[in-house]
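Since every read-out is calculated from the coordinates, none of them should be taken as a lab result. Everything numeric here is computed off the predicted structure, so don't read it as measured data. Don't worry about glycine lacking a Cβ; one is built from the backbone with ideal geometry, like all the others, and counts go over all protein chains shown.
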């Protein structure tokens, strides 16, 4: 079992903007005083630049375009509705925002099969939407695929019982906690685990200050350390620059890279950068418009493909 993959699925946006339906509990989203058409154009430029950079390091990027058919401003973040696993299983996830449910597309699975990826089984949790329960894929769940552990910060978008069900189905040990950020002086629940935490092969980047409950924090640290991960702690300010929203991928000749945005990269201290560079090189790209309006960053844009090939 491998923690990282060389193949990433990404969805190129055609209607990107600040999604009013997700802004109710995503406090990373902000307004920009420009027209939506201009926002979309900038997001496309950032997307294309990011894909180009990943490919230049030997990452295999499968790009699918969003469709005009539906209003899907967040289609650029496919990791929330789908996950891919080494045994040929695909997970489909229930989404909090109604307009995000339109992002789930069968034709994307067909596209992957055309590229000789094998899909053996689909585990579909989407009926939970009828009960108002949500679990937004690898936005909500951080997978340690080697040690079969799954980390989840509970929120309106990450239901504990659904998470436990996922862990039973996919045979992961669940590690549950609640993560917070300070919004206008108050502690607000963070919408997705993957903005405050990244688990790589030999290290983890995490905002420990966001876990207010001491025993939960201690438990998360215990699991990371017993699995031999070097823990690289980031501040809440760095988290707000998306320094927790990172993903380790494999490039040319199986070289490992930690992928993040330019803002995340620039927020890190020399000491933190040195620690990361001891494990792998960094790939960063400017994602300013996507981060500001979308409230998500580099990791959210990449759905890792672990499916076997025929």
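For the chain, what is the mean residue ellipticity at 222 nm derived from helices alone (per DSSP H run of n ≥ 4: -39500 (n - 2.57); sum divided by total residues; nearest 500 deg cm²/dmol)?
-8000 deg cm²/dmol
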Next on the checklist: Please report, in whole Å³, the volume per residue of the convex hull around the C-alpha atoms of the range 137-275.
Outcome noted: 119 Å³
Checklist outcome for this item: So residue 271 and residue 160, fully extended at 0.36 nm per residue minus their Cα-Cα distance, gain in nm 36.4 nm
Checklist entry - Can you give the % of DSSP beta bridges in the range 55-162 that are antiparallel, to the nearest 5? => result 70 percent
Next on the checklist: Just want to confirm a number: the relative contact order over the range 157-217, from Cα pairs under 8 angstrom separated by 6+ residues, in percent.
Outcome noted: 30 percent
Next on the checklist: For a distance above 31 Å, tell me the whole-number percent of Cα pairs in the chain that qualify.
Outcome noted: 21 percent
Item to check | Listed residues 152, 167, 207, most fluctuating in the chain (Gaussian network, C-alpha, under 10 Å) | outcome: 167
Checklist outcome for this item: With the convex hull built on the alpha-carbon atoms of the range 34-164, volume per residue in Å³ sits at 146 Å³
Next on the checklist: Just to confirm my numbers, what's the Cα centroid distance between the range 231-310 and the range 92-115 in Å?
Outcome noted: 24 Å
Item to check | the range 196-297: mean projected area of Cα convex hull, nm² | outcome: 6.7 nm²
Checklist entry - Out of 272, 238, 230, any idea which swings most in a Gaussian network model of the chain, alpha carbons joined below 10 Å? => result 272
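For the range 197-289, what does the relative contact order come out to in percent, with C-alpha contacts under 8 Å and a separation of six or more?
25 percent
Could you line up 301, 196 from fewest to most neighbouring Cβ atoms inside 10 Å?
Working: 301 29, 196 26.
Listing 301, 196 from fewest to most nearby Cβ atoms yields 196, 301.
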Checklist entry - Quick one: of the DSSP bridges fully inside the chain, what percent are antiparallel, nearest 5? => result 50 percent
Next on the checklist: Rounded to the nearest 5, what % of DSSP beta bridges with both residues in the range 162-305 are antiparallel?
Outcome noted: 55 percent
Item to check | Relative contact order of the chain, defined on C-alpha pairs under 8 angstrom at six or more residues apart (%) | outcome: 25 percent
Checklist outcome for this item: Residue span residue 37 to residue 282: 0.36 nm per residue of separation minus Cα-Cα distance leaves a gain in nm of 85.0 nm
Checklist entry - So which residue, out of 37, 89, 292, gets the largest mean-square fluctuation from a GNM of the chain using Cα contacts under 10 Å as springs? => result 37
